[in-house]
Structure formats: C-alpha cells, structure tokens
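Trainee: If you scroll down you'll find the structure; I have some questions about it.
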C-alpha cells in the first residue's frame, strides 16, 4: 500500500505539523506533499527521511517567509500534485490540503484542524485586522475569499472521511461542509513534561503574540491585580503593544527555549488561557506538569480541561471575567491535585493518538 501525506506547509513547528509528525511514524514509508517547506523545520520534525515534494509556490520570491501572500494560488497549487499512484491519501488540513485531486480507487481521509478560518467564521475579523475591510484592496480581498469559499465547498467532495481534532471543530465541519466527522484528539507529547507537585507563587501564560490569542486581555487583567505575579513567554507582532500594558507585577520574557518554558510552566500555580482555540495543545501541556488551567470557557478547551478538577473556566472574554476566575481559583486552589491533573493529561498522549488513528484508517480500508 502506497501512502501520501498532505500538509499545507512545513515552515514552523506547530500543532498541525506535530500531527503530521505522528502520522508519519504510523506510515514510515509515506511520501509527503506540501505547498512550501523549510529544510530546518522538516529536519526538526524528523521528516527528512521521507520523500518530500513541494509546490510551484516554493520557487516564488520570499515564499519561505511570506507564503501566506500567495493565498489566491493555494487551491491551484494543491491540485497540481499527482497522487494517482497512491492507495491511501491522508491530508492534515486547516486551509487547502484536503483539496488534492483523488480518484474513486483511492481512500482519502482528512484530519481537519478547522475549515479555513479566515474564509469562514473569522472572515470579518480577518479583514478588519488586516486593514482590508474597505477600499479597493478590501474589495479585492473580499472577492478572493469568496472564490476560496466556493472552491472550499467543492473540494469537500474529494474527502471520503473526515476526522476532527475536537467535537468543537466537528460541529464546524457539519455547519460549513454538511459532513459528519469523528473526533480524534491531536497528539500531545505529555511524556516531555515533568510532573511538579510543589508550585510557586506566580501565574503563567505563553503564546505567540497575535490578536486572537488575547494575551493583551490577560496582561490587562493582571495589571489590575498588583498582588499577583504573572510570567509571560512568547513573541510576535503584538509584543510591544502588550509590553506597554504590563505593570510591575508582570514579567514579559519574550521567546524562551523549551526547557525554560517547561520549568516555568511546571512550577506555576496556574496556567492562564484566553483564546478561543479549536483544541488548544498548550493547556494540555500545562496539565501534564500537574498545573491547573484558568481558561476562557469556549472552544476545544472545554474538552481538554475539567472545570473544578483540572481547571477553572470564565464565561466572558474580558479582563473582569478573568479576574473573577482568578479569585475563584485562589479560594479553591487546595482542591486541585497535581497528580489527578497529570493523569487527565495522559489521555491526550501521542501513543493514544496513533492507536486511534490507525484503528480508524484500518476500519475504513476494510469496509
């Protein structure tokens, strides 16, 4: 059986790339296809032993850093891959990967991280934050996203079976594509995180500093709680803006190596999370350290955190709501058992992912 694995791009080491990393371990002889790849990223993911084919976008100017600028060409580029010799096609898709061309003799399984967010549920937010909500450029962007939505629906029919990374995304797949899906939670390397039962007197958050991660909300909230220390790890476009919001009780450390991040995460009294994520791997990593999570109660985090046992939810994406949740946590923090929290995180291990994924594929192959 010949297997092809499709991923939109291999330029950073993120959640979808780590899913591809685990799928490639299930199928070590699989060939990889991606729009754009950076050799260092491919090597860091341990994918350099696989045959890798990139699209024509790889040859374009600044493709390795500005690949998103070629968004209008993504559908065309993904359709140029010739997969006719493969028996099993596995796409890891949050953009266009599921749109590869297949035939009736092939089985195409899509592990969907989300329908294209900037074309669907985040359409208007994306245009506003990009300054494309008006003017000639805005009109062109709206037209291009309209075309991508049309193509996205058409390409849905090229998938035989959908897997979702959470029930939350499963509902979005049903809403946008009118297709059923089965949830298999993404792999989290819980074995790379150390249980720490003795916590220190500070809160912690980490993220790439982009608007939807809402790090500004967390920093604003803790600026109103001067008696509570917050450590923030991460860099990104919003770093300078967020730094201006920080009071003396908040440390912004910028980018830090994994060992430093792990140490701070494991010793923190709680991990603070404000984004509405499709799944949210970092809250699970925090729980793997035995660290409880204080999270905005919407999205995939509702499936990875147990309210009152491994964390606390707040109902509104506001600093006041977060402040109230921190107060609730302080009142009940003795109830959070690091051993119980760690045990819960182990349900999201890489081994569990590989077992469930392989069982699903084998069942469909034998239908």
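Trainee: Within the stretch 30-109, considering only helices (runs of 4 or more DSSP H) that don't extend past its boundaries, which have at least 3 residues that are touching a residue at least 40 places away in the same chain (Cβ under 8 Å) and buried (at least 18 other Cβ atoms within 10 Å of the Cβ)?
Mentor: In the stretch 30-109, 74-78 are the helices (runs of 4 or more DSSP H) which contain 3 or more residues that are touching a residue at least 40 places away in the same chain (Cβ under 8 Å) and buried (at least 18 other Cβ atoms within 10 Å of the Cβ).
Trainee: Quick check, is residue 358 farther than 30 Å from residue 162 by Cβ, out of contact with any strand residue (DSSP E or B) (no Cβ under 8 Å at 6 or more places or on another chain), surrounded by fewer than 16 Cβ atoms within 10 Å (Cβ to Cβ) and in contact (Cβ under 8 Å) with a residue 60 or more places away in the chain?
Mentor: In short, no.
Trainee: Read through the list (1) closer than 22 Å to residue 14 by Cβ; (2) not assigned by TED's automatic domain parsing to the domain that holds residue 320, then give the number of the only condition that residue 180 fails.
Mentor: The one condition residue 180 does not meet is (1).
Trainee: Let me ask another. How many residues are outside any strand (DSSP E or B) and either buried (at least 24 other Cβ atoms within 10 Å of the Cβ) or without any contact (Cβ under 8 Å) to a residue 24 or more places away in the chain (or both) when one looks only at the stretch 286-319?
Mentor: Matching residues across the stretch 286-319 total 16.
Trainee: Which residue out of 171, 240 is in the same structural domain as residue 101 (by TED's automatic domain parsing) and either closer than 21 Å to residue 323 by Cβ or loosely packed, with under 14 Cβ neighbours inside 10 Å (or both)?
Mentor: 171
Trainee: Does residue 219 qualify as being in a strand (DSSP E or B), under 23 Å from residue 298 (Cα atoms) and modelled with pLDDT of 95 or more?
Mentor: Judged against the criteria, residue 219 is not a match.
Trainee: Which ones in the stretch 132-166 are part of a helix (DSSP H, G or I) and either touching a helix residue (DSSP H, G or I) at 6+ places or on another chain (Cβ under 6 Å) or not assigned by TED's automatic domain parsing to the domain that holds residue 73 (or both)?
Mentor: Passing the criteria: 144, 151, 155, 156.
Trainee: Consider residue 260 carefully, then state whether it is out of contact with any strand residue (DSSP E or B) (no Cβ under 9 Å at 6 or more places or on another chain), at negative phi, not assigned by TED's automatic domain parsing to the domain that holds residue 170 and not in a loop (DSSP other than H, G, I, E, B).
Mentor: no
Trainee: Touching a residue at least 60 places away in the same chain (Cβ under 8 Å), surrounded by fewer than 21 Cβ atoms within 10 Å (Cβ to Cβ) and within 20 Å of residue 277 (Cβ to Cβ), is that true of residue 189?
Mentor: In short, yes.
Trainee: Any residue at all in the stretch 117-124 that's touching a strand residue (DSSP E or B) at 6+ places or on another chain (Cβ under 7 Å), under 20 Å from residue 14 (Cα atoms) and surrounded by 14 or more Cβ atoms within 10 Å (Cβ to Cβ)?
Mentor: For the stretch 117-124, residues touching a strand residue (DSSP E or B) at 6+ places or on another chain (Cβ under 7 Å), under 20 Å from residue 14 (Cα atoms) and surrounded by 14 or more Cβ atoms within 10 Å (Cβ to Cβ): absent.
Trainee: Residue 347 passes all but one of (1) buried (at least 17 other Cβ atoms within 10 Å of the Cβ); (2) modelled with pLDDT under 95; (3) farther than 26 Å from residue 95 by Cα; which number fails?
Mentor: Failing condition for residue 347: (1).
Trainee: Can you name the residue in the stretch 191-212 that is over 14 Å from residue 271 (Cα atoms) and within 16 Å of the chain's Cα centre (by Cα) and, of all such residues, is modelled with the highest pLDDT?
Mentor: 209
Trainee: Let me spell it out: the conditions are (1) in contact with a strand residue (DSSP E or B) (Cβ under 9 Å, 6 or more places away or on another chain); (2) without any contact (Cβ under 8 Å) to a residue 40 or more places away in the chain; (3) within 24 Å of residue 224 (Cβ to Cβ), and residue 275 meets all of them except one. Which number is the exception?
Mentor: Looking at each condition in turn, residue 275 falls short on (2).
Trainee: Ok, one more. Looking at the stretch 222-234, which of its residues are at pLDDT 95 or above and part of a loop (DSSP other than H, G, I, E, B)?
Mentor: 224, 225, 226, 227, 228, 229
The values are calculated or read from the model by the stated rules, or taken from the named source; none is laboratory data. Fair warning: this is a prediction, and the values are worked out from it, not measured in the lab. Glycine also receives a Cβ, built like all others from the backbone with ideal geometry; neighbour counts cover every protein chain displayed.
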